[in-house]
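Novice: Below: one structure in structure tokens.
The values are calculated or read from the model by the stated rules, or taken from the named source; none is laboratory data. Just so we're clear, the structure is a prediction, and the values are computed from it rather than from any experiment. FYI the Cβ positions are ideal-geometry reconstructions off the backbone, even for glycines, and counts take in every protein chain you see. Areas reflect the complete protein model, heavy atoms only, side chains present, ligands, DNA and RNA absent. Shrake-Rupley method; radii C 1.70, N 1.55, O 1.52, S 1.80 Å.
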Amino acid sequence: MKPILPILILILVLFSPALAHEFSGEISAEARLFVNDALQPGQKDRSSSLKFQGEYTHQFEGGSVVNFVPFFRQDSADSRRTHFDLREMNFVWVKDDFELRLGVGKVFWGVAEFQHLVDVINQTDLVENLDSEDKLGQPMVNLSLARDWGTVDLFLLPYFRERTFPGEGGRLRFGQVVDTDDPVFESGARQWRQDWAVRYSHVIGDWDFGLYHFMGTNRDPSFIQGTDDEGKPAIFPFYETINQTGLDVSLVQGSMLWKLEGLHRAGQGDRDYVAWTGGFEYTFFGILDSGVDLGVIGEWLYDDRGSFALTPFENDVGTGLRMAFNDVQSTEFLLGWTQDVESPARLVFVEFSRRLGDNFKLNVETRLFLSQPENDFLFSVRDDDLIQLEIEYHF
Amino acid sequence: MKAFVVALTLFAVLAAQLAVAETPEEKGLAIAVEKDRRDNGFGDFTAEMTMVLRNRHGQESRREMRNKTLEVLDDGDKSLVIFDRPRDVKGTALLNITHKTGLDDQWLFLPALRRVKRISSANKSGSFMGSEFAYEDITSEEVEKYTYKWLRDEAFAGQECFVSERFPTYKNSGYTRQVVWIDKAEYRILKIDYYDRKNSLLKTVLHKEHKKYLDQYWYPDEMFMENRQTGKSTRLSWKKYNFRQGLTDGDFNKNSLKRVR
């Protein structure tokens, strides 16, 4: 049964009139410098790594698409950050009244900038970056029905991807290394539990909104303290089975974008909880008669589990400034700051990017973890302030 | 009988005067309406766009895009622009549903996150891809977007032209006015002078090498935009026009934006 799909795809690829097929991608070199000495034995103060990501796409005349996106990183400090992933390997069958997506894919839901709360389909590739914007490829069957009254997406997710966690040599982790060899699942089917999701989304005038329900293995694990095979204390990821309902809404009014996303989750921990992120992004276009756009971002991040929340953002205010220079090199600058409302804890980050010539791009990123109190979720990374330099080559 | 002749004569004189009395504003509008009438009915098209950006020192930078456009008869057109070069923005796509009046609806697809983001379309005067073209220079031409005033007739590039001023009626334009040269024979735009918010000459665009498609519609192969204040320029070339590809509304929504490659 299994080989039928790849063979079918191969036949389609070989015998269909191709509109376009293409290979592109990027190779990038990254250096990370940690300002403070490591807190945990084995952790390194600097690291360098190389990343490769390619993308092969083949488009048919009817609009159907096959794509293949392999990813690989080699890291000097953390053996777990050296990893391969199949980010995507999709066949998208496009007809007039439906779209069927088969394979390994990536789906993004949400509207907020400081965290991606309702984005639930793909697992976070946490070793890549703490901002959790890097995702592992998710096996799926997705049927999308676009109608006048909105779009309905049905997802069947036949296999669960476990979250990646930094290893012994990596910074930006708990004091203990998460034991990813022995994850605990609530479902007896473990990774093979058949998860599903359904989402309704629509655009009405200046409003965009989406509402979904997800039932399956929680992408955000809880953690269990225990002992490993050798009797040493260890921390294990615990993947519970949850029911989650999520909503995301945006409203555009001139230069103002209003955003709200929220979720209700049942099945993780003893009680149901809600969490939401809402706010705005206002852009001053062409400030001071230059071509520079200045965006001001304000968001409130809330999780009603309070200090038991498995996130640093249980009650935080995020403010950000985004500058787009709109120059030939597409220079961009982003300053972000999240401040805990109930404690002095704050995170500050700066991201800068600029194209060099036609094919290279420079990214500079810095993250500061300031005034983290002992009970904060990020207490263990309090000394992991970092500066990250990256040069990308795109082909 | 005599009274009838007098009345007829009077009527003719009045009518002639009325005709003569067409104001420059009415004439400017009439030219725009006629141009719009001639441009209507193309249906849809796909095309490839190349932009060569050139700074004062002659350094060049290249952009490549693909464009899909669907004509909407009772409102503004819909368009999808997919970026191919520079490579770091490859796969980025902009969906623009324009309106004859009021703000357009815009979404941006960011391929790294596979994220579709609603964006503000108030940014009319901003640079498109770092070029000398502003967003408002490349979105669909609609009669309602301007008020008009015919200035004079004159020859330009060997063709008899109407020369009219037009004044943006939409908010956030970077221009106080534009002066447009349209040839009398085929109603093609040959040249536009753009005047900035201080009413100084900012940019000039020349539309060159018009070709006729579907035996009826004239499109330029090249638009050369020169910034008269900074000396920078952008040459925008259009290639591989294909008309009436059977595009529908379904090719211009958030779902289709997600699967562009």
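Novice: Every residue in segment A:256-273 that is surrounded by 19 or more Cβ atoms within 10 Å (Cβ to Cβ) and outside any strand (DSSP E or B), please.
Specialist: Result: A:268, single match.
Novice: Next up: Among the numbered criteria (1) at pLDDT 95 or above; (2) in contact with a Leu (Cβ under 7 Å, 6 or more places away or on another chain), which one does residue A:133 miss?
Specialist: For residue A:133, the exception is condition (1).
Novice: Tell me the residue from B:190, B:214, B:206 that is within 23 Å of residue B:56 (Cβ to Cβ) and of a type in the set (A, V, I, L, M, F, W, C), please.
Specialist: On the way: B:190 fails: within 23 Å of residue B:56 (Cβ to Cβ); B:214 fails: within 23 Å of residue B:56 (Cβ to Cβ).
After applying the criteria, what remains is B:206.
Novice: Restricting attention to strands (runs of 3 or more DSSP E) lying wholly within segment A:34-106, give those where 3 or more residues are more than 14 Å from chain B (Cβ to nearest Cβ).
Specialist: On the way: elements: A:46-60, A:65-75, A:83-94, A:99-105.
Per the criteria, A:46-60, A:65-75, A:83-94.
Novice: If you don't mind, there's one more thing I want to ask. Which numbered condition trips up residue A:319, out of (1) within 13 Å of chain B (Cβ to nearest Cβ); (2) free of Cβ contacts under 8 Å to residues at least 24 places away in the same chain; (3) under 21 Å from the mean Cα position of the chain (by Cα)?
Specialist: Looking at each condition in turn, residue A:319 falls short on (1).
Novice: So, in segment A:188-207, how many residues would count as being open to solvent by less than 10 Å² (accessible area, probe 1.4 Å) and of a type outside the set (A, V, I, L, M)? Reasoning before the result, please.
Specialist: Within segment A:188-207, the subset open to solvent by less than 10 Å² (accessible area, probe 1.4 Å) is A:195, A:197.
Those still in the list that are of a type outside the set (A, V, I, L, M) too: A:195.
Number of matching residues: 1.
Novice: Quickly run through segment B:207-232 and pick out the residues that are in contact with a Ser or Thr (Cβ under 9 Å, 6 or more places away or on another chain), closer than 24 Å to residue B:47 by Cβ and open to solvent by less than 70 Å² (accessible area, probe 1.4 Å).
Specialist: B:221, B:222, B:223, B:224, B:225
Novice: Quick one: how many residues across segment A:342-395 are within 14 Å of chain B (Cβ to nearest Cβ) and either under 18 Å from residue A:43 (Cα atoms) or of a type in the set (S, T, N, Q) (or both)?
Specialist: Result for segment A:342-395: 3.
Novice: Scan segment A:315-334 for residues that are within 19 Å of residue A:378 (Cβ to Cβ) and surrounded by fewer than 16 Cβ atoms within 10 Å (Cβ to Cβ) and report the count. Explain how you work it out, then say what you get.
Specialist: Applying the first criterion (within 19 Å of residue A:378 (Cβ to Cβ)) to segment A:315-334 yields A:315-320.
Subset that is surrounded by fewer than 16 Cβ atoms within 10 Å (Cβ to Cβ): A:319.
Count: 1.
Novice: Would you mind telling me which numbered condition in (1) open to solvent by 60 Å² or more (accessible area, probe 1.4 Å); (2) of a type in the set (Asp, Glu); (3) within 14 Å of chain B (Cβ to nearest Cβ) residue A:230 fails?
Specialist: Answer for residue A:230: the failing condition is (3).
Novice: Which residues, taken from segment B:20-68, are of a type in the set (S, T, N, Q) and more than 12 Å from every other protein chain (Cβ to nearest Cβ)?
Specialist: Just the residues of segment B:20-68 that are of a type in the set (S, T, N, Q), to begin with: B:23, B:40, B:46, B:50, B:55, B:59, B:61, B:67.
If the condition is that a residue be of a type in the set (S, T, N, Q) and more than 12 Å from every other protein chain (Cβ to nearest Cβ), then B:23, B:40, B:50, B:67 are the ones that fit.
Novice: Among residues belonging to segment B:241-261 that are open to solvent by 40 Å² or more (accessible area, probe 1.4 Å) and in a loop (DSSP other than H, G, I, E, B), point out the one that is nearest to the other protein chains (Cβ to nearest Cβ).
Specialist: By that ranking, first place goes to B:253.
Novice: If you don't mind, there's one more thing I want to ask. Of the numbered conditions (1) within 25 Å of residue B:171 (Cβ to Cβ); (2) assigned to a strand (DSSP E or B); (3) β-branched (Val, Ile, Thr), residue B:72 fails exactly one; give the number of that condition.
Specialist: With (1) within 25 Å of residue B:171 (Cβ to Cβ); (2) assigned to a strand (DSSP E or B); (3) β-branched (Val, Ile, Thr) applied to residue B:72, the lone miss is (2).
Novice: Exactly one condition in (1) of a type in the set (S, T, N, Q); (2) in a strand (DSSP E or B); (3) exposed (fewer than 15 other Cβ atoms within 10 Å of the Cβ) is false for residue B:50; which is it?
Specialist: (3)
Novice: Is it the case that some residue within segment A:151-167 is free of Cβ contacts under 8 Å to residues at least 24 places away in the same chain and either charged (D, E, K, R) or surrounded by fewer than 20 Cβ atoms within 10 Å (Cβ to Cβ) (or both)? Write out each step before concluding.
Specialist: First pass over segment A:151-167, keeping only residues free of Cβ contacts under 8 Å to residues at least 24 places away in the same chain: none.
Within segment A:151-167, none of the residues are free of Cβ contacts under 8 Å to residues at least 24 places away in the same chain and either charged (D, E, K, R) or surrounded by fewer than 20 Cβ atoms within 10 Å (Cβ to Cβ) (or both).
Novice: Moving on. Regarding segment A:274-282, can at least one residue be identified that is more than 28 Å from residue A:342 (Cα to Cα), of a type in the set (S, T, N, Q) and either in a strand (DSSP E or B) or open to solvent by 10 Å² or more (accessible area, probe 1.4 Å) (or both)? Full working, then the answer.
Specialist: Taking segment A:274-282 as the starting set, the residues that turn out to be more than 28 Å from residue A:342 (Cα to Cα) are none.
No, segment A:274-282 contains no residue that is more than 28 Å from residue A:342 (Cα to Cα), of a type in the set (S, T, N, Q) and either in a strand (DSSP E or B) or open to solvent by 10 Å² or more (accessible area, probe 1.4 Å) (or both).
Novice: Right, here's the next one. Among B:204, B:169, which is the only one that is open to solvent by less than 40 Å² (accessible area, probe 1.4 Å), under 16 Å from the mean Cα position of the chain (by Cα) and among the hydroxyl-bearing types (Ser, Thr, Tyr)? Spell out how you get there, then give the answer.
Specialist: Numbers: B:169 fails: open to solvent by less than 40 Å² (accessible area, probe 1.4 Å).
Step by step, each of B:204, B:169 is checked, and only B:204 is open to solvent by less than 40 Å² (accessible area, probe 1.4 Å), under 16 Å from the mean Cα position of the chain (by Cα) and among the hydroxyl-bearing types (Ser, Thr, Tyr).
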